[in-house]
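Let me begin by presenting the structure, written as structure tokens, before commenting on it.
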Amino acid sequence: MTPARPLIDEGRASQADRMLTIQDLHVFHGPIEAVHGISLNVERGKCISLLGPNGAGKTSTISAITGIARATGSIRFEDREISADSVEARIASGIAVSPEGRRIFSNLTILENLTLGAALQRDQAEKGRDIDHWFSLFPILAERRDQAAGTLSGGEQQMLAIARALMARPKILLLDEPSLGLAPKIVRQIFDLIGTLKDKGMTILLVEQNATQALKLADYAYLMSSGRIVAHGTADELGKSDKLMAELTGVA
Amino acid sequence: MIRLSQSQRSGLVGAALLAAVLVVIGVATLYFGSRYQIRLVYSAYVNLIVVLGLQVFMGNARITNLSHSAFMGIGAYAAALCVTPENIKKISLPAAPWGLADFSLDPVLSAAIAIVITAVLAFLLGLFIVRLTSIGATIVTLAVLVIVHAVFLYRTDIFKGNQAFFGIPQVFDLGWVVGIAILAVVVCRLFRESRWGIQLRASADDEVGAAAMGVQIYKLRLIAWVLGAVILAVAGICYAYFLGTISARPFYFNHVFLTLAMLILGGMRTVTGAVLGTFLISFGLEGVRYLETGPVLLGIDLPEALGLSGIALGAVIVLTMALRPTGIMGNREIETLFVRKTF
Amino acid sequence: MEYVIQQGLNALSFGAEYALLALGLAIVFSIMGLVNFAHGEIIAVGGYTMVAFAALAIGNPVIVMAGAVIAAMLASLTLERVAFRPVRKADPTTGLLTAFGVSIVLQNVFLMFVSPRPIAVTSLYFLDWPIEIAGIRLASLQVFETLTTIVVIVALMLFLRRTVLGLAVRAASLDFEMVRLTGIKANRVFAMAFLISGLLAGLACIFIMARRGSVDPHLGFDPVLKAFVACVVGGFGSLPGAVLGGFLLGAVEVAMLVMLPQSLGGMTDAFVFMIVALILIWRPDGILSPAIEKGDKL
């Protein structure tokens, strides 16, 4: 395996634009090390994609950023080291996540899910406007606002998970496998939504196995395998490399 | 000739090491101990057998059992009812039904009957308990404890309730109980290292995974449950055969917590843990009880402090759970410590 | 007919007390899987607070009752911080055993520092007087207890549905980590659950003390044993289940008292526990249990 290219790609972004910078990150599940020292950057207003097969360590990386998983190494968010912060403090500083498996609160109503998403939002009027905004974007959620969220279909739950994350008005959105287990038509809808968010200037770290779709959106992508970053580059560069296909399909 | 697996053979080594410790403590007490100390050590050994019976189920299936003292009570009362001479029973149980007061058996037969009765009861209850999830199973064992205790209290014509059931011949002395405790240690170790024991422990770690591998989890739990109950019945018999009198009170919550604390402190996953925890708490509590009486220590006249032993016991449980939930021994048996030190 | 109504009302008031206590257990269990056996000692803390007020010659019933409730809430919060925080992420067995340990410690602390014997508390006797409505004889205490329980259930429901922290408590019963990922501080959610639990124990304490008129170190043990059973029957971790289980247990107990012949009086508890065991064997996770999934993530 060829080593990843230099940690910081100087030609790509100036220091000031970096929103999230990860250096030499090791992530652990109990005694097992799942990620072996990766480094990556997410620039303000960009959509960065983290690709790789199952078990590559993508979700572990997300968990390390939010503080759920035990990790060593440096995580800088807006020029502040957050690796020692609690989960709650990291969320409060402007990180929101739509996690793998969606993890909506199925015993709460849709409206209650959104309300919890804005738990740190003090301004009630603004909260109301945000909820209205999401309801206008997803009429199906509005229709069922008082139903238990567990009754939604997979695609609707994914919409809800993303909307819940955005209710916090985050500076960066971490999306973990938003297309997992969804029908192709729904997948297109989800990626359309992500595209819209990107166009509005949202900074996004998108974890995906669906490389084709992700690379269409992403400005820059990292390819992970077995806990390491094995390649990275612009979407075009990476899309053309054999490595991507090899890693994702297992065919060398 | 039964062929033992590698793990069972190392289990026997561990059991032998533990047996040596048990013999040393027993012999030392026998030769140097006062009557009071012999009684104290005897009850420690009885509790050791209880804790071992508890370990077989709790340690391998990892389901908290709160009914163990009830099974010990069943064993004790069943043996006592069989072995006590008729003339004494005529006085102490004048209203006994079913001709219970009209016969008496020799100690060996009585013990055998007590064990069979306990095992059958445990089997019937076990059929239901092993199918429940952890907290549910614990609640049902709690229900068993309460029900059995209520029966002991209610049927005073058979069990005499909180009054003393007296006249049980003294069959055992310290030597006997040491021997039986050693036997229990060997049985527990062999079960733990047997295919059943290993499968049961694996299923406790990952129930779905083990089931997918074809482990018959309910059957294994039931085996451990009944084996545990038999050991508990033996403990009850040892208790009755030494003290000569029994009553319902010692087979209720206080004893449940005491023995649970012993197992938890030592570590429920191992037999070594059961032995270690029992002796630490048995002898430790004796020290605390001495403090409770308000002795004069180093020239300071300490006040009487009733409840100190309870506080110590509870604190042991809380601290163990907070600092080392798997107990002192964790997953290690005695022989692994020995091997590590030797090499 | 009047007899049936009378016994029905008795069952209701029995059930109300169990429901209060069971709710207190269930709310803690729902978020951290802890079977809080030390709940009974929280009740006892309330009782001993009343003793302390009596010793200080404070007889104002409002102060006595408020003091007992506040003491119970503080005790509950303290236990969370001191004893249960270290086992927050542990499995239910570890939590259960810790709670047993805490319970033993507290009982013996009362025994050692106060008294092993019951201490009379007469300041709440005034709550209990006989009343008669349409030929049905009742104790006023039963009425208070049932009404309080209803008010508490409604208030709790409003809290859990209308406030962000309430929503968080409900959500935490499903996925605590995800609640943290919305930025709500885990410690606040735990503190809130224990605070509510303590409040419920404190309220129950008032009724228990008004009826018994004395406190001893084991005051809370029996009621909590029953509440525990109510929780299991209703479905552990389910708040509606706790209420249902509480009232069901009250009904079973009254039915036992009424229907069992006098000679079997001592066996009431045995029969109650037998019914509990049967319910669990019929529905291993309780009647209204939340769904539990075994195995790996998707």
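The values are calculated or read from the model by the stated rules, or taken from the named source; none is laboratory data. These numbers were taken from a predicted model, which means no experiment stands behind them. Quick reminder, even Gly has a Cβ in these numbers, built from the backbone with ideal geometry, and neighbours come from all protein chains shown. These area figures cover heavy atoms from the full protein model, side chains too; ligands, DNA and RNA do not enter into them. Shrake-Rupley method; radii C 1.70, N 1.55, O 1.52, S 1.80 Å.
Looking at (1) within 14 Å of another protein chain (Cβ to nearest Cβ); (2) within 21 Å of A:E126 (Cβ to Cβ), which one does A:G201 not meet, given that it meets all the others?
For A:G201, the exception is condition (1).
Give just the number: which of (1) aromatic (F, W, Y); (2) surrounded by 21 or more Cβ atoms within 10 Å (Cβ to Cβ); (3) within 14 Å of chain B (Cβ to nearest Cβ) does C:F207 not satisfy?
(3)
Select from region C:111-134 the residues that are buried (at least 17 other Cβ atoms within 10 Å of the Cβ) and either at the interface with another protein chain (Cβ under 8 Å from one of its Cβ atoms) or among the small types (G, A, S) (or both) and list them in ascending order.
C:L111, C:M112, C:S123 - these are the residues of region C:111-134 that are buried (at least 17 other Cβ atoms within 10 Å of the Cβ) and either at the interface with another protein chain (Cβ under 8 Å from one of its Cβ atoms) or among the small types (G, A, S) (or both).
Could you identify the single residue in C:V215, C:V229 that is at the interface with chain B (Cβ under 9 Å from one of its Cβ atoms) and surrounded by 22 or more Cβ atoms within 10 Å (Cβ to Cβ)?
Every option except C:V229 fails the conditions.
Could you tell me which of the residues C:A193, C:A168 is surrounded by 18 or more Cβ atoms within 10 Å (Cβ to Cβ) and farther than 17 Å from A:T115 by Cα?
C:A193
For region A:29-45, which residues satisfy the criterion of being open to solvent by 40 Å² or more (accessible area, probe 1.4 Å) and farther than 15 Å from A:F77 by Cβ?
If the condition is that a residue be open to solvent by 40 Å² or more (accessible area, probe 1.4 Å) and farther than 15 Å from A:F77 by Cβ, then A:H29, A:G30, A:P31, A:I32, A:E33, A:H36 are the ones that fit.
From B:I49, B:I63, grab the single residue that is part of a loop (DSSP other than H, G, I, E, B) and open to solvent by less than 20 Å² (accessible area, probe 1.4 Å).
B:I63
Being within 12 Å of chain C (Cβ to nearest Cβ), of a type in the set (S, T, N, Q) and either open to solvent by 50 Å² or more (accessible area, probe 1.4 Å) or not in a helix (DSSP H, G or I) (or both) is the filter here; which residues of region B:102-152 pass it?
The one that is within 12 Å of chain C (Cβ to nearest Cβ), of a type in the set (S, T, N, Q) and either open to solvent by 50 Å² or more (accessible area, probe 1.4 Å) or not in a helix (DSSP H, G or I) (or both): B:T133.
Has region B:253-262 got any residue that is over 26 Å from B:F165 (Cα atoms) and open to solvent by 30 Å² or more (accessible area, probe 1.4 Å)?
Within region B:253-262 (the criterion being over 26 Å from B:F165 (Cα atoms) and open to solvent by 30 Å² or more (accessible area, probe 1.4 Å)), the answer is no, since none of the residues qualifies.
Which residues, taken from region A:59-88, are within 14 Å of another protein chain (Cβ to nearest Cβ), of a type in the set (A, V, I, L, M, F, W, C) and open to solvent by 40 Å² or more (accessible area, probe 1.4 Å)?
Within region A:59-88, just A:I68 meets the criteria.
Looking at (1) crowded, with 24+ Cβ neighbours inside 10 Å; (2) assigned to a helix (DSSP H, G or I); (3) not charged (D, E, K, R), which is the only condition B:L30 fails?
(1)
What helices (runs of 4 or more DSSP H) completely inside region A:117-189 contain at least 1 residues that are surrounded by 15 or more Cβ atoms within 10 Å (Cβ to Cβ) and of a type in the set (S, T, Y)?
So the answer is none; nothing clears 1.
Which one is farthest from the other protein chains (Cβ to nearest Cβ) among residues in region B:176-217 that are in a helix (DSSP H, G or I) and of a type in the set (S, T, N, Q)?
Result: B:Q199.
For C:F84, state whether it is of a type in the set (F, W, Y) and open to solvent by less than 20 Å² (accessible area, probe 1.4 Å).
yes
What's the number of the only condition in (1) at the interface with chain B (Cβ under 9 Å from one of its Cβ atoms); (2) part of a helix (DSSP H, G or I) that C:L141 fails to meet?
Answer for C:L141: the failing condition is (1).
Right, C:T146: under 21 Å from C:D222 (Cβ atoms) and either open to solvent by 70 Å² or more (accessible area, probe 1.4 Å) or more than 14 Å from every other protein chain (Cβ to nearest Cβ) (or both) or not?
When the stated conditions are applied, C:T146 passes them.
Could you say whether any residue in region C:178-191 is of a type outside the set (D, E, K, R) and on the phi > 0 side of the Ramachandran plot?
Checking region C:178-191: at least one residue is of a type outside the set (D, E, K, R) and on the phi > 0 side of the Ramachandran plot.
Would you check if there is a residue in region B:298-317 being closer than 23 Å to B:L48 by Cα, free of Cβ contacts under 8 Å to residues at least 24 places away in the same chain and among the polar types (S, T, N, Q)?
Within region B:298-317, not a single residue is closer than 23 Å to B:L48 by Cα, free of Cβ contacts under 8 Å to residues at least 24 places away in the same chain and among the polar types (S, T, N, Q).
Could you please let me know if C:A251 is open to solvent by less than 10 Å² (accessible area, probe 1.4 Å), more than 12 Å from chain B (Cβ to nearest Cβ), in a helix (DSSP H, G or I) and modelled with pLDDT of 80 or more?
Here the answer is no, as C:A251 does not meet what is asked.
Considering only region B:241-255, I want to know if a residue exists there that is touching a helix residue (DSSP H, G or I) at 6+ places or on another chain (Cβ under 8 Å), under 25 Å from C:D91 (Cα atoms) and among the aliphatic types (A, V, I, L, M).
Checked against the condition, which is being touching a helix residue (DSSP H, G or I) at 6+ places or on another chain (Cβ under 8 Å), under 25 Å from C:D91 (Cα atoms) and among the aliphatic types (A, V, I, L, M), region B:241-255 yields no hits at all.
Would you check if there is a residue in region C:266-279 being modelled with pLDDT under 80, within 30 Å of C:S173 (Cβ to Cβ), at the interface with another protein chain (Cβ under 8 Å from one of its Cβ atoms) and in contact with a Gly (Cβ under 7 Å, 6 or more places away or on another chain)?
no
Give, as residue ranges, the helices (runs of 4 or more DSSP H) completely inside region B:233-343 that count at least 2 residues that are within 13 Å of another protein chain (Cβ to nearest Cβ).
The helices (runs of 4 or more DSSP H) meeting that bar are B:253-266, B:271-292, B:308-323.
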